[in-house]
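The block underneath contains the structure these notes are about, expressed in structure tokens.
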Amino acid sequence: MARWIVTLASGLVPRERREEWREEWTAEVEALVRARAGGARGLPSVVGFAVGALPHGLWVRVEGWTMESVFQDVRFGWRVLRRAPVFTLVAAGTLALGIGANASIFSLVNGLVLRAPAGIEAPDRLVQVARSYTDDPRWDNFSWPAMQLIGSAESFSGTAGYTREGFVLGDGPEAESITGLLVTGNYFEVLGVEPAAGRLLQPEDDLRPGEHPVVVLSHGLWTRRFGGDPAVVGTTVSIGAAPYDVVGVAPLGFTGAESIGSPPELFVPTMQHPGYFGVLPFDQWGTSWIEVVSRLEDGVELPAARAEMEVMATRLRAASESNENILVLLTEGVGLDPEGRAEARQLSLLLLLIVGLVFLITCTNVANLLLAKASGRRGEVGLRLALGAGRGRLVRQWLTESALLAVMATLLALPLVLGAGRLVPAVFPYTISVSVAPDARVFAFLAVTGGVAAVLFGLAPAWSTSNRRVSATLKEGAHVGRSRTRLRDALIVSQLGLSLGLLSGAALLGRSVLNVGQAEPGFDAHGVTVGMIDLQSSGRYDRDSGRRFLEELQREASALPEIRSVSLANQAPIAGGHASASASPVGRPEVSYEAEYIIVGPDYFESLGVPLLAGRALGGFGDEPERVVVVNEALAELFWPGEDPIGQEIDRGDTYRVVGLAADVQMRSLRSRARPAIYHSFDHL
């Protein structure tokens, strides 16, 4: 084994020194064998000693690589590339597309998954907490009482809550609609955030409803609207037609505990919550609306915290019937919940696979170009071999030229990578709140990709020229050798195979898009336009005036000649605005379920083309004197399996009678099955 290792290592040594080097190492190995056989102690193993021949052989190979010889290769390589500018630009530009595309997609993965969230201290000690159910696993938020109970867990040093909300900032022509967060008073403390100016929210700001109308501005809003003026702290701004005191500014880049969604531009205490139709949610076990994030106590690890959450789930079930079969889930870190992280990972891997194939195609393309160009340099190679140039020197020269070409391609790819912060979010199917601008990790990836490319496309001409005899190279003339032809054919076949693989993937993606267009989500999306209206955040409408506005809006829109049907709802299928509420059949509270909670106006089912399977639709704006609802098939099967749901009653604090049965609709995603749903009329809010 030792002799075989020495023989293998001798291949690294230049030819003129190889025989002498091998004899020297073989003698050393045989001497070690004799010494160990004679009982000598403290000697290394024979095989371990022989392994040292590998780095020594490599050192002998490169010890002649002086800086002068390296610079000589670089100067010669640059002259070769400069003599063929069109070839150089085409090859470098082609390669730049593959390198730049890979680095750009990596910047997305880096921003979403690898980079630590901006402004947050020790994010690895944070956990996201969510609720699920044994019969319907999902990642969902909590009610306010449930969050407070979870906050008592000994595994956590702090527990905070937040929810996304729309706000209207300013008055008159300067008013603008922005996204913000309602956060608990300890939100910034739990995340470990330091202010850029002023102070952040504190527990004292979040004790009683409506008591402390204070706001923290995001760094982006501070610079965009207020010019980054520190004097804005202590002033008053109008939010939803109400005065709020600006107490501080969040740090640069801080977007909260989520990476997906519009970045929040202001932070308001949760006790400023306007309520749902006039009812505040702070004592409602059945109203789930707040996301929960906690920081692990020092010394507590994730398995121990998860074990305690099983105890918390038991306490939640005992605290309220609405928590029947509840589970409490934990995931480490912030930014993406498990569902979002899984989707982002799958999509990122798909994009990386696509750009990886493009990268390999560009490398094989450039390798073929270099191999074709090498055919015109056979005389030069033969002459250098005849004058005594070692084959290792020829390989080094070709790899140097490849490295120069890769450096040019990497520089050409820089604008694409630098623009990734704007380009990638534009093509990504989710709104990204965190920055995906390149950082040191992305530039390191760019450099490594360029180096890998140099080796990949430089190996073909290097191997082709170094694997030739001097006489054959000089006699070859215009004839292309069979081995070189085979290599070029192999590269062409590889490029064709990679291209076909990429085209097949594109065809499958196209087929998926067509399948989405042909999907049956339970409603007719053709010709449907959805508009979003937020009266609550404006602060100018109460329950009665808002109702009058919506009634007038539907009447005016229905009169337009281009519109066949108009309706109103608190959420639209797929488009968003999702809400849910607990309900159970009257007399059977043990069957309680948190169903989709859809408030609809007149003509809702007609406008969306949702089939009514039995009973009737809902009216509105004074047409429904009784408390009635429409349910979907999934809820009817859950509550009254095998029975007629028409005339049955549902308990939601008040009793509602079922007057209609609608077909199932995929409200949240085309990839998830339809969930149980209850349709309410605007008349009974």
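The values are calculated or read from the model by the stated rules, or taken from the named source; none is laboratory data. Nothing here was measured: the structure is a model prediction, and the numbers come from that model. With ideal geometry, Cβ positions are generated from the backbone for all residues, glycine too; neighbour counts draw on all protein chains shown. Surface areas here come from the heavy atoms of the whole protein model, side chains and all, with no ligands, DNA or RNA. Shrake-Rupley method; radii C 1.70, N 1.55, O 1.52, S 1.80 Å.
Assorted remarks:
- Verdict on Ser294 being buried (at least 16 other Cβ atoms within 10 Å of the Cβ), modelled with pLDDT of 90 or more, of a type in the set (Gly, Ala, Ser) and closer than 18 Å to Ser157 by Cβ: yes
- Pair list, Cβ < 6 Å and 6+ apart or interchain, from segment 245-260 residues that are touching a residue at least 24 places away in the same chain (Cβ under 8 Å) and within 18 Å of Leu169 (Cβ to Cβ) to residues that are charged (D, E, K, R) and in a loop (DSSP other than H, G, I, E, B): Val247/Arg199; Gly248/Arg199
- Near pairs, Cβ below 8 angstrom, 6+ apart or cross-chain, from segment 21-36 (polar (S, T, N, Q)) to any residue that is open to solvent by less than 70 Å² (accessible area, probe 1.4 Å) and in a helix (DSSP H, G or I): Thr26/Val6
- Single condition Pro641 does not satisfy, out of (1) under 41 Å from the mean Cα position of the chain (by Cα); (2) open to solvent by less than 30 Å² (accessible area, probe 1.4 Å); (3) modelled with pLDDT of 90 or more: (2)
- Considering only residues in segment 644-685 that are over 17 Å from Ala581 (Cα atoms) and of a type in the set (Lys, Arg), the one that is modelled with the highest pLDDT turns out to be Arg673.
- Verdict on Glu321 being surrounded by fewer than 18 Cβ atoms within 10 Å (Cβ to Cβ), within 17 Å of Ser157 (Cα to Cα) and in contact (Cβ under 8 Å) with a residue 60 or more places away in the chain: no
- Some residue of segment 60-70 being part of a helix (DSSP H, G or I), modelled with pLDDT of 80 or more and open to solvent by 30 Å² or more (accessible area, probe 1.4 Å): no
- Counted residues, segment 234-255 - those being of a type outside the set (Val, Ile, Thr), open to solvent by 40 Å² or more (accessible area, probe 1.4 Å) and more than 31 Å from the chain's Cα centre (by Cα): 4
- Gly299 satisfies every condition listed in (1) free of Cβ contacts under 8 Å to residues at least 40 places away in the same chain; (2) outside any loop (DSSP other than H, G, I, E, B) except (2).
- Residue under evaluation Asp664, criteria (1) free of Cβ contacts under 8 Å to residues at least 60 places away in the same chain; (2) touching a Gly at 6+ places or on another chain (Cβ under 7 Å); (3) open to solvent by 20 Å² or more (accessible area, probe 1.4 Å), criterion not met: (1)
- Pairs with Cβ under 7 Å, 6+ apart, first in segment 350-370 and over 16 Å from Ser504 (Cβ atoms), second among the hydroxyl-bearing types (Ser, Thr, Tyr) and assigned to a helix (DSSP H, G or I): Thr362/Thr94; Thr364/Ser494; Asn365/Thr94; Val366/Thr94
- Looking only at segment 169-191, and only at residues there that are hydroxyl-bearing (Ser, Thr, Tyr) and under 24 Å from the mean Cα position of the chain (by Cα), the one that is modelled with the highest pLDDT: Tyr187
- With respect to being part of a helix (DSSP H, G or I), open to solvent by 30 Å² or more (accessible area, probe 1.4 Å), modelled with pLDDT under 65 and not polar (S, T, N, Q), Leu474 fits the description.
- Some residue of segment 509-523 being surrounded by 10 or more Cβ atoms within 10 Å (Cβ to Cβ), in contact with a strand residue (DSSP E or B) (Cβ under 6 Å, 6 or more places away or on another chain), at pLDDT 75 or above and not in a helix (DSSP H, G or I): no
- Of the criteria (1) open to solvent by 10 Å² or more (accessible area, probe 1.4 Å); (2) assigned to a helix (DSSP H, G or I), which one Trp139 fails: (2)
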